[in-house]
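Notes to accompany the following structure.
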Amino acid sequence: MTDKTVASICPECDTKIRFNEGPGLGAFVRCPECNTTLEVVRTAPLKLGWAFEEPFDEEEGYRVRRRN
């Protein structure tokens, strides 16, 4: 039998978060340890980032909104 469990690390508290099946790109998850809302930013390998984070433009000095 194939194990479909995947895991990633919370960028806030370094807790290993396991999933029974891989979440989709853009899915929101909550860390069970620190309660931070995270977003799936890459699926292979699975990587989580902070949800609702807007990149900062160093040259212009303001937040850049992502386009969907």
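The values are calculated or read from the model by the stated rules, or taken from the named source; none is laboratory data. Everything numeric in this text was worked out from a predicted model, so none of it was measured. Note: ideal-geometry Cβ built from the backbone for every residue, glycine included; neighbour counts use all protein chains shown.
For region 38-52, the candidate set comprises residues that are surrounded by fewer than 13 Cβ atoms within 10 Å (Cβ to Cβ) and more than 8 Å from the chain's Cα centre (by Cα); within that set, the residue that is nearest to Cys13 (Cα to Cα) is Phe52. Six or more apart or on different chains, Cβ under 7 Å: which pairs go from a residue in region 8-32 that's over 15 Å from Arg42 (Cα atoms) to one that's of a type in the set (D, E, K, R)? Could you list them? Cβ pairs passing all conditions: Cys13/Glu33; Thr15/Glu33; Asn20/Lys4; Cys31/Glu12.
Residues checked against (1) assigned to a loop (DSSP other than H, G, I, E, B); (2) modelled with pLDDT under 95:
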site: Asp3; (1), (2): yes, yes
site: Ser8; (1), (2): no, no
site: Ile17; (1), (2): no, no
site: Gly22; (1), (2): yes, yes
site: Gly26; (1), (2): yes, yes
site: Glu33; (1), (2): yes, no
site: Glu53; (1), (2): yes, yes
site: Glu60; (1), (2): yes, yes
site: Asn68; (1), (2): yes, yes
